[in-house]
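Trainee: Let me give you the structure first, and then I'll get to my questions.
The values are calculated or read from the model by the stated rules, or taken from the named source; none is laboratory data. All values derive from a computational prediction rather than experimental measurement. A quick note on method: Cβ atoms are made from the backbone with ideal geometry, for glycine too, and the neighbour counts reach across all protein chains shown.
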Amino acid sequence: MATFEELKTGLETAFDSDGAKGVEATIQINIENLTNFYVDINDGALNVEEGDHDNPGLSLTFDSEETMEKVFSGDQQAAMGAFMQGKVKFSGDMALGQKLGSVFKAPE
């Protein structure tokens, strides 16, 4: 199991600041039996904080760390498969959720 710091580093590595230009959002991320944290995206900048945000635009709950990695990899098919299999629960702005593929990319 990854620590919060390892998850944070992974998101920072996958973050595409060019793809996030013009995006302003807060996303709450909960991984069952592991951790809760949120990401603030502000016009190409990323901030990741441990804990719960009071008013996120989108909340995602993952069944595992591996599922979260699939969704944030930029692989749209893997992300859609995770949603369709019920491995990810969401609430809030799904248009924001659809932008994740341009904001986070798998490291090359």
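Trainee: Within the set of pairs 6+ apart or on separate chains, which have a first residue in segment 80-95 that is over 13 Å from residue 63 (Cβ atoms), a second that is part of a helix (DSSP H, G or I) and modelled with pLDDT of 95 or more, and C-beta atoms under 7 Å apart?
Mentor: Note: no pairs meet the criteria.
Trainee: Related question: Restricting to segment 60-96, name every residue that is touching a strand residue (DSSP E or B) at 6+ places or on another chain (Cβ under 6 Å) and among the basic types (Lys, Arg).
Mentor: Once the filter is applied, which keeps residues that are touching a strand residue (DSSP E or B) at 6+ places or on another chain (Cβ under 6 Å) and among the basic types (Lys, Arg), segment 60-96 yields only 89.
Trainee: Could I ask something else about it? Name the residues in segment 11-60 that are in contact with a helix residue (DSSP H, G or I) (Cβ under 7 Å, 6 or more places away or on another chain), without any contact (Cβ under 8 Å) to a residue 60 or more places away in the chain and either farther than 24 Å from residue 86 by Cα or of a type in the set (Gly, Ala, Ser) (or both), would you?
Mentor: Once the filter is applied, which keeps residues that are in contact with a helix residue (DSSP H, G or I) (Cβ under 7 Å, 6 or more places away or on another chain), without any contact (Cβ under 8 Å) to a residue 60 or more places away in the chain and either farther than 24 Å from residue 86 by Cα or of a type in the set (Gly, Ala, Ser) (or both), segment 11-60 yields 46, 48, 50, 57.
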